[in-house]
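Here is the structure we will look at.
Throughout, read-outs are computed from the coordinates displayed, never taken from laboratory work. Computed from a prediction, not measured in an experiment: that's the story for all the values here. FYI the Cβ positions are ideal-geometry reconstructions off the backbone, even for glycines, and counts take in every protein chain you see.
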Amino acid sequence: MNIAVFCSGSGTNLQAIIDAEKRGHIKAVIKIVVSDVPDCYALIRAKKAGIKILLVEKGNFKSKDEFDRYILDNLKNEKIDLIVLAGYMRLLTGAFINEYKNKILNIHPALLPSFKGTHGIRDAFSYGVKVTGPTVHFVTEDMDAGPIVLQAPIMVREDDTESTLGEAIHAEEHKVYPRAIQLFIEGRLKIEGRKVKII
Ligand code: GAR
């Protein structure tokens, strides 16, 4: 199975996925890393791992559709079976999602459906929750609202700061995302309406 990982940031989840692939915990090939941010650290990680890179800068395209079409054409060339969003901070169009229906995973740093959006850690921390943690879900047209694959609850400690909580969440992400990806690869995720059964 061929995987594409989409990133916009530091790429620690990408690194966890690369490491899991190397250890044989993910039985697939990361064929390409797609990024919309030219100087993000995720691209350096991809280069170090010898993975092909596709840089897509929005300014170089006339429309969002053209932007997405360009990515899709590249994914087709690489025969990509699964798209893994790992800190990719751009919304995909409905047409794009339809082309890879039920074949796009995302990780969000809060227990969905709470604290959707781009600041899941900060929003949960300032709200004062006692439990939070990452969610892996299938991507649908509604942001952060697709069927949930796995969640990893973390207790918020009395002495936590946003930063220490963030570290704990990232550490969990690096375990739960490779696990979810391998479940997908093994064909063990069965979507039934809003629910994902692990078979
Ligand atoms: C991760 O914490 C991920 O959950 C979050 O971006 C971070 C990327 O970190 N994603 C979102 O907030 C999506 N709404 P990384 O670049 O180090 O993997």
Ordered by number, the trypsin sites (Lys or Arg not before Pro) in the range 109-198 that occupy a DSSP loop and have at most 11 other Cβ atoms within 10 Å are Lys130, Arg157, Arg194
Where a ≥ b ≥ c are root eigenvalues of the Cα gyration tensor, a/c under 1.5 meaning rounded, otherwise prolate if a/b exceeds b/c and oblate otherwise, the range 50-89 counts as prolate
Answer in debye to the nearest 20: the dipole magnitude of the range 102-174 about its Cα centre, from +1 Lys/Arg and -1 Asp/Glu charges placed on Cβ, is 180 debye
Given Cβ charges of +1 for Lys and Arg and -1 for Asp and Glu, the option among Asn77, Ile51, Ser114 whose Cα lies farthest towards the positive end of the dipole of the chain is Asn77
Computed about the Cα centre, the charge dipole of the range 70-199 from +1 Lys/Arg and -1 Asp/Glu charges at the Cβ has a magnitude in debye, to the nearest 20, of 520 debye
Checked against the positive end of the charge dipole of the chain (+1 on Cβ of Lys and Arg, -1 on Cβ of Asp and Glu, about the Cα centre), the farthest of Asn98, Pro134, Asn2 is Asn2
Using alpha-carbon coordinates alone, the radius of gyration and Dmax of the chain in Å work out to 16.3, 50
With a ≥ b ≥ c from the Cα gyration tensor eigenvalues, square-rooted, and the rule rounded for a/c under 1.5, otherwise prolate when a/b > b/c and oblate otherwise, the range 1-40 is oblate
For Lys195 and Arg90, extending 7 Å from Cα along the Cα-Cβ vector and measuring point to point gives, in nm, a value of 3.7 nm
Expressed in angstrom and rounded, the centroid-to-centroid distance over alpha carbons for the range 142-189 and the range 36-110 is 20 Å
Rounded to the nearest 10, the angle in degrees between the Cα long axis of helix 12-23 and the longest principal axis of the Cα atoms of the chain comes to 70 degrees
Note on the range 11-80: alpha-carbon gyration tensor, axes a ≥ b ≥ c; rule is a/c under 1.5 for rounded, else prolate if a/b larger than b/c, else oblate; result oblate
When all Cα-Cα pair distances of the range 75-162 are considered, the percent exceeding 20 Å is 38 percent
Within the range 24-162, pairs of Lys residues whose Cα atoms are less than 13 angstrom apart, provided they are eight or more positions apart or on distinct chains, add up to 5
